[in-house]
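Working notes for the structure below.
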Amino acid sequence: MIYIIASLLIVFGIALLHLLLVKLPERFFDSCAENSGRYPIIDGLRGYLAISVFIHHFVVTWYWKVGGGWGRPPETFFHNLGKVGVILFFVTTGFLFSTQLIRKRYRVNIHDLIVSRFFRIVPLYFFVVCALIVIVFIESNWELHVAPKILLSEINKWILFNGELINAFPETRRIIAGVDWTLKYEWIFYSALPLLAFGGALYWEVNGVSSSCCCWSCNGSGFNDWSDKVKVYVLLFYGLDGCNFD
């Protein structure tokens, strides 16, 4: 019963937040959209998705603290708050970047792209990695459990968005709930943007492939059998294909 009440309170809270947001002057949102070329609706959606994923991780952590087990919540509702939220994040990312390519006539300023993505992701990520290292050594009583060379290799993997253990501490990834896993896929996607912008014809050809992938995944039989890596790229291509309807 308590889970049903909690679910209803969460839905009510999100609905209340929506009502508060739509009360803000429409002129403000219209001017923002005109001046920046952004999609206020998608910005709002991504805000709700962030809240959704936050609630999912909160519930996962709560069960871990109470029951000692780390895994998906037993309630499908809370599980889908995270799963669906991440799926839509990938889709909207593909959509937003593909529409930018079209607006700029498939021209990509690689320097601006790298700088903007670097300062959007790396400073905070670097801070998190530093905090992670400190926490690991606190939990290890400041003792070195691996050779210095191996430790440097482990830290280097984290810097390259492919981290696992640090100092042989088994709970390393759980400290941040493993939420960094999406970053490597994002960087691969950003790296592919110049290739997508190389020629409009090539871009639309890739977009056509994405449409085929979307159709296959919609039948429900093939998509669930794919690896997680393939699923992520298909979701990004969902967004790429969505720009056809912009």
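When Ser98 is tested against (1) polar (S, T, N, Q); (2) more than 30 Å from Ile175 (Cα to Cα); (3) within 14 Å of the chain's Cα centre (by Cα), only condition (3) is not met. I need a count of the residues in the range 70-93 that are outside any helix (DSSP H, G or I) and in contact (Cβ under 8 Å) with a residue 60 or more places away in the chain. Qualifying residue count, the range 70-93: 2. Of all residues in the range 160-180 being loosely packed, with under 15 Cβ neighbours inside 10 Å and not aliphatic (A, V, I, L, M), which is farthest from Phe89 (Cα to Cα)? That would be Pro170. Please indicate, with yes or no, whether at least one residue in the range 150-159 is more than 30 Å from Ile51 (Cβ to Cβ), touching a residue at least 24 places away in the same chain (Cβ under 8 Å) and more than 17 Å from the chain's Cα centre (by Cα). So far as the range 150-159 goes, yes, one or more of its residues are more than 30 Å from Ile51 (Cβ to Cβ), touching a residue at least 24 places away in the same chain (Cβ under 8 Å) and more than 17 Å from the chain's Cα centre (by Cα). When the criteria are applied in full, Leu152 fails the requirement of being modelled with pLDDT of 90 or more, over 28 Å from His57 (Cβ atoms), in a loop (DSSP other than H, G, I, E, B) and among the hydrophobic types (A, V, I, L, M, F, W, C). Restricting to the range 19-69, and then to whatever is loosely packed, with under 14 Cβ neighbours inside 10 Å and in a loop (DSSP other than H, G, I, E, B), can you tell me which residue is modelled with the lowest pLDDT? The extreme case among them is Pro25. So for the range 96-106 (the condition being at pLDDT 85 or above, farther than 17 Å from Glu186 by Cβ and not charged (D, E, K, R)), does at least one residue qualify? Scanning the range 96-106 turns up no residue that is at pLDDT 85 or above, farther than 17 Å from Glu186 by Cβ and not charged (D, E, K, R). Scanning the range 106-146 for residues that are out of contact with any strand residue (DSSP E or B) (no Cβ under 7 Å at 6 or more places or on another chain), free of Cβ contacts under 8 Å to residues at least 40 places away in the same chain, assigned to a loop (DSSP other than H, G, I, E, B) and not β-branched (Val, Ile, Thr) turns up Asn109, Asn141, Trp142, Glu143, Leu144, His145. Taken as a whole, the range 116-130 holds at least one residue that is farther than 21 Å from Gly178 by Cβ and in contact with a helix residue (DSSP H, G or I) (Cβ under 6 Å, 6 or more places away or on another chain). Restricting the range 128-159 to residues that are among the aromatic types (Phe, Trp, Tyr) and surrounded by 14 or more Cβ atoms within 10 Å (Cβ to Cβ), the residue that is nearest to Arg173 (Cα to Cα) is Trp158. Please enumerate the residues belonging to the range 164-175 that are within 18 Å of the chain's Cα centre (by Cα) and more than 20 Å from His57 (Cα to Cα). Hits for the range 164-175: nothing passes.
Mind listing whichever residues of the range 160-186 are in a helix (DSSP H, G or I), without any contact (Cβ under 8 Å) to a residue 12 or more places away in the chain and either of a type in the set (Ser, Thr, Tyr) or closer than 22 Å to Arg117 by Cβ (or both)? Listed by number, the list holds a single entry, Trp181.
Restrict the check to the range 115-125 and report whether at least one residue is of a type in the set (Gly, Ala, Ser) and closer than 30 Å to Phe189 by Cα. Give the steps one after another, and end with the answer.
Just the residues of the range 115-125 that are of a type in the set (Gly, Ala, Ser), to begin with: 116.
Okay, now just the ones that are also closer than 30 Å to Phe189 by Cα, so 116.
Within the range 115-125 (the criterion being of a type in the set (Gly, Ala, Ser) and closer than 30 Å to Phe189 by Cα), the answer is yes, since at least one residue qualifies.
In a residue-by-residue description of the range 212-229, the property of being in a helix (DSSP H, G or I), under 25 Å from Arg117 (Cα atoms) and at pLDDT 65 or above applies to no position.
The values are calculated or read from the model by the stated rules, or taken from the named source; none is laboratory data. Predicted model, so just to flag it, every value in this text is computed and none were measured. All Cβ positions, glycine included, derive from the backbone under ideal geometry; neighbour counts span all protein chains shown.
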